[in-house]
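Report on the following structure.
The values are calculated or read from the model by the stated rules, or taken from the named source; none is laboratory data. Keep in mind that what you see is a predicted model, and the values were worked out from it rather than measured. Virtual Cβ from ideal backbone geometry, glycine too; neighbours counted across all protein chains shown. Each accessible area value is taken on the protein alone, full model and side chains, heavy atoms only, with ligands, DNA and RNA left out. Shrake-Rupley method; radii C 1.70, N 1.55, O 1.52, S 1.80 Å.
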Amino acid sequence: MPKRILRGIVVSDKSDKTITVKVSRKVMHPVYKKYINRSKKYSVHDESNKYKTGEFVSIQENKPISKTKKWIVLN
């Protein structure tokens, strides 16, 4: 099974070797039939502390690195 790849924006880079990435998606409302934005934050492993707040990154699913980190940054 292929690993999921998502695109998002870095919202925090304060932790060591970890960034927080916000991934947004558009979902149709079941009653009003309008598209609304839904977003989720992921803790992502960044080995070299290369990415800073505000950058767009691609992240890929990975085996668990810690309790909350299950994603890595793609170059």
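Accessible surface comparison of LYS63, LYS52, LYS17, probe 1.4 Å, protein chains only, largest first: the order is LYS63, LYS52, LYS17.
Per residue, the solvent-accessible area of the stretch 1-72 (1.4 Å probe, heavy atoms of protein chains only, all protein chains present) comes to 77 Å².
Expressed as a whole percentage, what fraction of the accessible surface of the chain belongs to carbon and sulfur atoms when a 1.4 Å probe is rolled over the protein heavy atoms?
53 percent
Among the listed values (1) 1.55; (2) 1.03; (3) 1.22, the one matching Cα Rg over 2.2 N^0.38 Å as calculated from this structure is (3). In the chain, if the dipole is taken from +1 on Lys/Arg beta carbons and -1 on Asp/Glu beta carbons about the Cα centre, which of ILE36, GLY8, ASN75 is farthest to the positive end? Towards the positive end, the residue furthest out is ILE36.
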